[in-house]
Amino acid sequence: MPPPRVNKKPTDETKDNTGTLNDPFKFLDQDYQRLRKSCITYNKRFVDDKFPPDSNSIDPKKKLKLDLDKIEWLRPS
């Protein structure tokens, strides 16, 4: 399933200028420009608090009995 609003036509979304490059939609209330500026200012890599790179993102209730030490969290390149 594609992310929300991926299949919408641009003309449907640009009537009030939201959903454009100048005013993108905020996914899960995250503001890309603000997050980017903060990372650059503090020279820190972005860590998504909505999906942190830890075991709670994969198996929060510990039902799967995974060997989480073998999981390697990667960043897109």
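The values are calculated or read from the model by the stated rules, or taken from the named source; none is laboratory data. A quick note: this is a predicted structure, and the numbers were derived from the prediction, not measured. Glycine also receives a Cβ, built like all others from the backbone with ideal geometry; neighbour counts cover every protein chain displayed.
Among the residues of the range 28-53, those that are loosely packed, with under 12 Cβ neighbours inside 10 Å and of a type in the set (D, E, K, R) comprise D29, R34, R36, K37, K44, R45, D48, D49, K50. Being outside any loop (DSSP other than H, G, I, E, B), modelled with pLDDT under 80 and either exposed (fewer than 12 other Cβ atoms within 10 Å of the Cβ) or at positive phi (or both) is not true of D16.
Answer yes if at least one residue in the range 51-64 is of a type in the set (A, V, I, L, M) and in a loop (DSSP other than H, G, I, E, B), and no otherwise. The answer is yes; a qualifying residue exists.
Among the residues making up the range 16-39, those that are among the acidic types (D, E) and within 21 Å of K50 (Cα to Cα) are D29, D31. For the range 33-56, filtering for residues that are over 15 Å from the mean Cα position of the chain (by Cα) and modelled with pLDDT of 90 or more leaves 7.
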